[in-house]
Amino acid sequence: MKEKEIIIDKNYETIRLDKAISSLEEDLSRVAIQRMIENENILVNEKKAKASYKLNCGDKISIKLEDIKESKLEAEDIPLEVVYEDNDIIVINKQKGLVVHPGNGNPNGTLVNAILARCKDSLSGIGGEIRPGIVHRIDKDTSGLLIIAKNDKAHINMSNQIKEHKVIKTYIALARGKIKENEATINMPIGRNPKDRVKMAVVKNGKEAITHIKVLEKFADYTFIEVKIETGRTHQIRVHLAKIGYPLVGDYVYSNGKNPFNVKGQMLHSYRLEFKHPITGEDMKLEAELPKYFEEVIDTLRRQEK
């Protein structure tokens, strides 16, 4: 078991303990977090605290994480929206709040558990027992398209396409603030935040990260944007947008998360994937409609502009 410490900054003031941990530790489900709090594997200032405890700036959170074991995962009947499926791959429109694969204190209730129920033994084994078929991932609170490989040949091919930047990933997002430019490219290296190892940040010695932004619609205090990424760094879009002063609405990790829409988690949706089928070589272009809540927020902003 390993232990992690987090010092709370002003972005998390007055936020519930369980909600804050859910944002900071994206591989942990809310149920797992509440269980860890109850079992005193999560402490505040070295004392037991309730899940509803409102955090203060400077609070020290200690988290005891159990080592992940390569154990038999259970198939679970979790609803999934399948956008495309054949004998080699399956593409899912992942819902917001669903963790992609098991993590510390979160052995079930993930996309992997749902995929096992649907595909049974028809999954690539390259990712190991914890991540069968998982070629790439998106954050827990990011919705949208995700490719899963059903066999090793498809997995290797898709992994190579991603590594060689041949998979075109297009996202839709809502940023706080009115972006002046209609199009922009952010080229800033990303690595672990030296002051907070839980977060990512723009750092000199980080890995290359390139993000392209195209404005779809401007509002008084928000900008509706399309985002394409050439690289796939952890939290790349969220870090880049926050760095230039336009954090994503609802993002508690890289902004204060405040918004009048009561949105929980960043407004970021993996809208389109373009790639070659790993076996047939056919050009694939798949899209996933915006979640209902996202459309409602945009409609609200449009009404306010009239």
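The values are calculated or read from the model by the stated rules, or taken from the named source; none is laboratory data. As the structure is a computational prediction, the values presented were derived from the model and not from experiment. Positions of Cβ are backbone-derived with ideal geometry, glycine not excepted, and every protein chain shown enters the neighbour counts. All accessible areas refer to the heavy atoms of the entire protein, side chains included, with ligands and DNA or RNA removed. Shrake-Rupley method; radii C 1.70, N 1.55, O 1.52, S 1.80 Å.
Structural remarks
- Subset of the range 19-41 (residues that are over 22 Å from N193 (Cα atoms) and open to solvent by less than 50 Å² (accessible area, probe 1.4 Å)): S29, A32, I33, M36, I37, N41
- Output for the range 147-178, where each listed residue is part of a loop (DSSP other than H, G, I, E, B), touching a helix residue (DSSP H, G or I) at 6+ places or on another chain (Cβ under 9 Å) and open to solvent by less than 100 Å² (accessible area, probe 1.4 Å): K150, V167
- For beta carbons closer than 8 Å, sequence separation of 6+ or different chains, a first residue in the range 183-198 that is farther than 26 Å from T223 by Cα and a second that is open to solvent by 40 Å² or more (accessible area, probe 1.4 Å) and acidic (D, E), the qualifying pairs are D196/D9.
- Sole residue being touching a His at 6+ places or on another chain (Cβ under 9 Å), in a loop (DSSP other than H, G, I, E, B) and modelled with pLDDT of 80 or more, chosen from K50, K96: K96
- Residue selected from the range 1-18 under the condition buried (at least 18 other Cβ atoms within 10 Å of the Cβ) and among the β-branched types (V, I, T), by the criterion farthest from H235 (Cα to Cα): I15
- Some residue of the range 106-126 being open to solvent by less than 60 Å² (accessible area, probe 1.4 Å), within 26 Å of L268 (Cα to Cα), modelled with pLDDT of 80 or more and of a type outside the set (A, V, I, L, M): yes
- Candidate set from the range 239-250 (those that are without any contact (Cβ under 8 Å) to a residue 60 or more places away in the chain and either hydroxyl-bearing (S, T, Y) or surrounded by 20 or more Cβ atoms within 10 Å (Cβ to Cβ) (or both)); member that is nearest to G177 (Cα to Cα): A242
- Selected residue (only one of Y271, Y254 is open to solvent by 10 Å² or more (accessible area, probe 1.4 Å), closer than 17 Å to T170 by Cβ and aromatic (F, W, Y)): Y271
- With respect to the conditions (1) more than 22 Å from the chain's Cα centre (by Cα); (2) modelled with pLDDT under 80; (3) under 29 Å from K276 (Cα atoms), H101 falls short on a single one, namely (1).
- Being open to solvent by 20 Å² or more (accessible area, probe 1.4 Å) and at pLDDT below 90 is a property that holds for D196.
- Checked against (1) free of Cβ contacts under 8 Å to residues at least 24 places away in the same chain; (2) assigned to a strand (DSSP E or B); (3) of a type in the set (D, E), E40 passes all but condition (2).
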